[in-house]
Amino acid sequence: RSNYIEGKAYSYVHNSLGENLGKIGVILTLQTETDIDLSDFGKNICMHIAATSPKSLDERSLDSNIVESEMNIIKEQLKETGKSDDIVEKMLDGKMNKFYEEVVLLNQKYVIDPSLTISKLLENISSEKETKVTINSFTRYELGQ
């Protein structure tokens with residue numbers, strides 16, 4: 001895979017110590033069907049990513065080891081409740097959805113307006129700008145990590 005960035009790139013540096021120098025940096029690429037200015041939107045999504053530190057863009061791209069580990073932890077906790085297997089399965093689904101809401105960018109509640117998920121926010125901006133807006137990729141860098 002080359003270093004070519006598809007889509008328009010946006011960035012944000014948190015706790016800026018100087019020009020493009022800070023403790024947390026985010027690079028985000030947005031794809032649109034038409035050429036429009038999304039600089040404010042892009043910066044806001046970058047700030048969201050800096051604040052929430054998502055592990056992946058969507059559920060599909062989340063590392064399967066992370067999912068399996070979380071599922072095993074939850075299953076162990078649920079076994080101790082003594083509830084029946086079918087109830088445990090339903091509780092597991094609910095707890096996994098909550099987990100995805102915390103670690104998957106598109107499922108996260110938007111920090112600026114928690115009534116919206118990032119996925120819903122993309123739908124809204126797509127509708128407002130009359131062009132489909134999608135997130136291609138993001139990278140979050142943190143000093144010391």
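The values are calculated or read from the model by the stated rules, or taken from the named source; none is laboratory data. Since the structure is predicted, the reported quantities are computational estimates derived from the model, not experimental observations. When we count neighbours, we look across all protein chains shown, and the Cβ atoms used for this are built from the backbone with ideal geometry, even at glycine. Surface accessibility is based on the protein's heavy atoms, side chains included, excluding ligands, DNA and RNA. Shrake-Rupley method; radii C 1.70, N 1.55, O 1.52, S 1.80 Å.
Worth pointing out:
- Virtual spin-label span in nm between E130 and I27, 7 Å along Cα→Cβ: 3.4
- About the centre of its Cα atoms, the chain shows a dipole size close to 260 debye [charges on the beta carbon of Lys, Arg (+1) and Asp, Glu (-1) only; nearest 20 debye].
- Antiparallel bridge percentage (DSSP; both residues within the chain; nearest 5): 95
- Accessible solvent surface per residue of the chain, calculated while the other protein chains remain in place, 1.4 angstrom probe, Å²: 66
- Accessible-area composition of the stretch 23-122, carbon plus sulfur, in percent [1.4 Å probe]: 48
- Using a cut-off of 21 Å between Cα atoms, the listed pairs K43/K132; K75/K95; K43/K120; K23/K43; K75/K109; K55/K90 include K75/K109; K55/K90 as exceeding that distance.
- Computed over neighbours whose Cβ is under 15 Å from that of K109, the net charge equals -2, Lys and Arg +1, Asp and Glu -1.
- Summed residue charge, Cβ within 9 Å of T32's Cβ, Lys/Arg positive, Asp/Glu negative: +1
- Gained length - S137 relative to S119, 0.36 nm times residue gap less alpha-carbon distance: 5.1 nm
- Shape of the chain, Cα gyration tensor, a/c cut at 1.5: prolate
- Peptides 93-100, 49-56, 24-31, 60-67 ranked from most to least packed by the mean count of surrounding Cβ atoms within 10 Å: 24-31, 49-56, 93-100, 60-67.
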